[in-house]
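Structure record follows, encoded as structure tokens.
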Amino acid sequence: MPDHNVAASVSTPGEESATGTLGKAMALLELVVMAPEPLRFTEILNIVGQPRGTVHRQLTHLLQEGLLELDAHQAYVPGVRLLKFAGKAWARNDFRSVAAPYLRELQAVTGESVHLGMLRDTEVIYLDKVEGSRAIRMHSQIGNASPVFCTGVGKAALATLEQERLLQIVDNIQFRSFTASTITNGEALVKEVNAIRARGFGFDLAEHEDGIHCVAAPILCTGHDFAAAVSVTGPAYRLTLEHLEKLAPVVCKIADKIATDISVRISPSSR
């Protein structure tokens, strides 16, 4: 009788080729993700020692699938799709774990939904969300991404950046209107982000979703290379501008607590 275990382990030429192709792509993906800084094509080529055409083809596939992206300097960085996958499994991530009790504290104080977001190029990825006691349906879900220019948490995350980096990101944004209140040009966005940086918090007044307001504060973690923010979100009829202004100091206090805890418990080199 044939040995089924041996038979199952033997690949046909086509299967072996497919496995080899996937393996090479995964190796390139891991190389870029684990690199301490973005890698250019020539740097990747020198590291892997594979034919130029093969490496270019694999990188192109990874770009097309959204697993890798090219930054402003044409260097390879992890893509938004990869970060969305990571967001689904973020429960094991140190950053989310550190922030979690403070998010719950903020929700308990305000009664509204609370978001933790991290900047990724021109989008903000929702790393965590605590539903409010009177929650309403919103776009935001853990692992999902939203445009950075029309969300409170996105604009607040931008406020953590140095001005040069902010301008680079703004130049790459493809603006579009989601509501009548959406910011639709770079000059207005930069002005808004600079105001957030100056006062320590910002608003989303129905800029992404009609009838939804939020107040957000940047999480300022010195020495860390990520840009993040925390927000309180709810319906406009409850979260009027006057009420948002009253909540702002509470949100800022929570953002400061998260930043302090991260600085103590997560070293910059571990990110």
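The values are calculated or read from the model by the stated rules, or taken from the named source; none is laboratory data. In this text the structure is predicted, and so the values were computed from the model without any measurement. Don't worry about glycine lacking a Cβ; one is built from the backbone with ideal geometry, like all the others, and counts go over all protein chains shown.
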* Asked: If you go through segment 98-115 one residue at a time, do you hit one that is touching a Pro at 6+ places or on another chain (Cβ under 7 Å) and modelled with pLDDT under 95?
  -> no
* Out of Ser177, Ser181, sole residue that is modelled with pLDDT of 95 or more, in contact with a Ser or Thr (Cβ under 8 Å, 6 or more places away or on another chain), surrounded by fewer than 17 Cβ atoms within 10 Å (Cβ to Cβ) and farther than 19 Å from Arg199 by Cβ -> Ser177
* Asked: Going by the structure shown, is Lys155 of a type in the set (Lys, Arg), in a helix (DSSP H, G or I) and touching a Gly at 6+ places or on another chain (Cβ under 7 Å)?
  -> yes
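Residue-by-condition table, conditions (1) within 23 Å of Val77 (Cβ to Cβ); (2) touching a Cys at 6+ places or on another chain (Cβ under 6 Å):
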position: Gly143; (1), (2): yes, no
position: Gly152; (1), (2): no, yes
position: Glu162; (1), (2): yes, no
position: Arg176; (1), (2): no, no
position: Arg197; (1), (2): no, no
position: Cys214; (1), (2): no, no
position: Ser231; (1), (2): no, yes
position: Ala236; (1), (2): no, no
* To do: Please report, ordered by residue number, the strands (runs of 3 or more DSSP E) entirely within segment 181-237 with at least 1 residues that are among the hydroxyl-bearing types (Ser, Thr, Tyr), under 27 Å from Asp94 (Cα atoms) and under 20 Å from the mean Cα position of the chain (by Cα).
  => 228-235
* **Options Ala228, Ala248; residue that is in contact (Cβ under 8 Å) with a residue 12 or more places away in the chain, buried (at least 17 other Cβ atoms within 10 Å of the Cβ) and farther than 21 Å from Ile125 by Cβ** => Ala248
* Would you mind stating whether Ala198 is of a type in the set (A, V, I, L, M, F, W, C), assigned by TED's automatic domain parsing to the domain that holds Val148 and surrounded by fewer than 17 Cβ atoms within 10 Å (Cβ to Cβ)? => yes
* Which one is nearest to Ala159 (Cα to Cα) among residues in segment 122-145 that are modelled with pLDDT of 85 or more and not in a strand (DSSP E or B)? -> Thr122
* To do: Write out, first by first residue and then by second, each pair whose Cβ atoms fall under 6 Å of each other, whose residues are 6+ apart or on separate chains, and whose first residue, in segment 166-177, is at negative phi while the second is of a type in the set (Phe, Trp, Tyr).
  => Ile173/Phe149
* Asked: Only one residue in Asp94, Asp121 is touching a residue at least 60 places away in the same chain (Cβ under 8 Å), in the same structural domain as His208 (by TED's automatic domain parsing) and not hydroxyl-bearing (Ser, Thr, Tyr). Which one?
  -> Asp94
